[in-house]
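J.: Okay, handing you the structure first.
The values are calculated or read from the model by the stated rules, or taken from the named source; none is laboratory data. These numbers come from a predicted model, not from an experiment. Cβ placement follows ideal geometry from the backbone for every residue including glycine, while neighbour counts extend to all protein chains displayed.
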Amino acid sequence: MPGLERLLYASTATGRTDSLLNMATILAESQRNNARDGLTGALAAHDGRFIQVIEGTPGALDLLLRRLTPDPRHRDIVILDRRPIPERRFTDWTMASSRIGPETAPVLERLMATPDTASDQIVSLLREALEIGQSRAA
């Protein structure tokens, strides 16, 4: 099996990130494409930005980046981190929506101020937000 990598990026949304229709459309398309390409991860929309963590093979991540770059739904993509990983942290999600609530927003803002040193914490925060959302839905 080829090695796994994790990609963490942020971008500026060109549309409304508080629109359920916009987010549902992005998530559905991402889930379909990621299932096909063997990618897993989570997407958060916060304060006019997208923050996404994606896991997969290096080749699949490279293809994803080529698709993301011209996508008109966002601009100014900044890769915060890309590194080899021993295993997936988002195994069950081809693309999950991590809701950034009032309890996690200040922490995310602080971490985004220094993403080069806080990428692991950002990934953990997205995972925790995902788990909080699931426990509330249950």
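J.: Filter region 48-62 down to the residues that are exposed (fewer than 15 other Cβ atoms within 10 Å of the Cβ) and in contact (Cβ under 8 Å) with a residue 12 or more places away in the chain, then identify the one that is nearest to Ile100 (Cα to Cα). Break it down stepwise before answering.
T.: If we filter region 48-62 for residues that are exposed (fewer than 15 other Cβ atoms within 10 Å of the Cβ), which is where we start, we get 48, 58-59, 62.
Right, trim to in contact (Cβ under 8 Å) with a residue 12 or more places away in the chain and you get 48, 58-59.
Values: Gly48: 12, Pro58: 28, Gly59: 30 Å.
Top of the filtered list is Gly48.
J.: Residues Pro72, Pro106, Pro84, Pro102: which one is closer than 14 Å to Glu5 by Cα and more than 15 Å from the chain's Cα centre (by Cα)? Quick ask: steps written out before the conclusion?
T.: Values: Pro72 fails: closer than 14 Å to Glu5 by Cα; Pro106 fails: closer than 14 Å to Glu5 by Cα; Pro102 fails: closer than 14 Å to Glu5 by Cα.
Unique residue meeting the criteria: Pro84.
J.: So, one more: Inside region 67-105, can you point out the residues that are polar (S, T, N, Q), under 24 Å from Ser19 (Cβ atoms) and touching a residue at least 24 places away in the same chain (Cβ under 8 Å)?
T.: The first filter runs over region 67-105 and keeps only residues polar (S, T, N, Q), leaving 69, 91, 94, 97-98, 104.
With the extra rule that they be under 24 Å from Ser19 (Cβ atoms), the set shrinks to 69, 94, 97-98, 104.
Listed by number, the residues that qualify are Thr94, Ser97, Ser98, Thr104.
J.: Hey, does region 49-60 have a residue that's in contact with a helix residue (DSSP H, G or I) (Cβ under 6 Å, 6 or more places away or on another chain) and of a type in the set (A, V, I, L, M)? Reasoning before the result, please.
T.: First pass over region 49-60, keeping only residues in contact with a helix residue (DSSP H, G or I) (Cβ under 6 Å, 6 or more places away or on another chain): 53, 60.
From the residues that got through so far, the ones that are of a type in the set (A, V, I, L, M) too are 53, 60.
Within region 49-60, one or more residues are in contact with a helix residue (DSSP H, G or I) (Cβ under 6 Å, 6 or more places away or on another chain) and of a type in the set (A, V, I, L, M).
J.: Scan region 78-100 and give yes if some residue there is loosely packed, with under 13 Cβ neighbours inside 10 Å, more than 21 Å from Thr12 (Cα to Cα) and among the acidic types (Asp, Glu), otherwise no.
T.: Scanning region 78-100 turns up at least one residue that is loosely packed, with under 13 Cβ neighbours inside 10 Å, more than 21 Å from Thr12 (Cα to Cα) and among the acidic types (Asp, Glu).
J.: Please find, within region 9-42, the residue that is nearest to Leu111 (Cα to Cα) out of those that are surrounded by 13 or more Cβ atoms within 10 Å (Cβ to Cβ) and among the aliphatic types (A, V, I, L, M).
T.: This residue is Ala10.
J.: May I pose another question? If a residue counts only when it is among the aliphatic types (A, V, I, L, M) and at pLDDT 90 or above, which strands (runs of 3 or more DSSP E) contained entirely in region 1-119 have at least 3 such residues?
T.: Numbers: elements: 4-13, 40-46, 49-56, 74-85.
Answer list for region 1-119: 4-13, 49-56, 74-85.
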